[in-house]
Amino acid sequence: MNIKPNIGILNALIRITLGLTILAWSTSKLVKNPWRDSLLFVALCGAMKVAEGIVRYCPVTALFEKCQGMMEEGSPDSMDGMEGLTNLDGDQVVPYNPS
C-alpha cells in the first residue's frame, strides 16, 4: 500500500490549527467534567485532525478520490454495473437469478 500526501500545505496547516484548537477545548472541558465520554470522543477527533495535518494524508479524501476514479473509468468494480441490468456496452441483459 503506497500512501502519498493527498492534501496540500495550506489544508494541512488549517487541519493542524483547528485540530489543536478542538483538542485544547475538549481537554479543558474534560478536566472539569471527567465523566463525559463525548468530550473524550471530541478530543480523539481533534487529535486525528492534527495527525492528518502532520502526515498530509486524509483517508476520507483518498476514499473519495478512489470512488470518483472508479466512476469515471467505468470499471467493473464501479456501482453502475452492480444491479446486473446493463453491461458496459449499454445493452439490456437479464439479471442472474439462481432460484
Per-residue HN-Hα couplings for the range 35-49, Karplus 6.51 cos²θ - 1.76 cosθ + 1.60 at θ = phi - 60°, whole Hz, x for Gly and Pro?
8, 7, 6, 5, 5, 5, 5, 5, 5, 5, 5, x, 5, 5, 5
Given 4 °C and 1.567 mPa s, compute D for the range 10-55 with the Stokes-Einstein relation, Rh being the Kirkwood radius over Cα pairs; round to the nearest whole µm²/s.
125 µm²/s
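Read-outs throughout are calculated quantities, based only on the coordinates presented, and are distinct from any laboratory measurement. What you see is a predicted model, and the numbers here were worked out from it, not measured in a lab.
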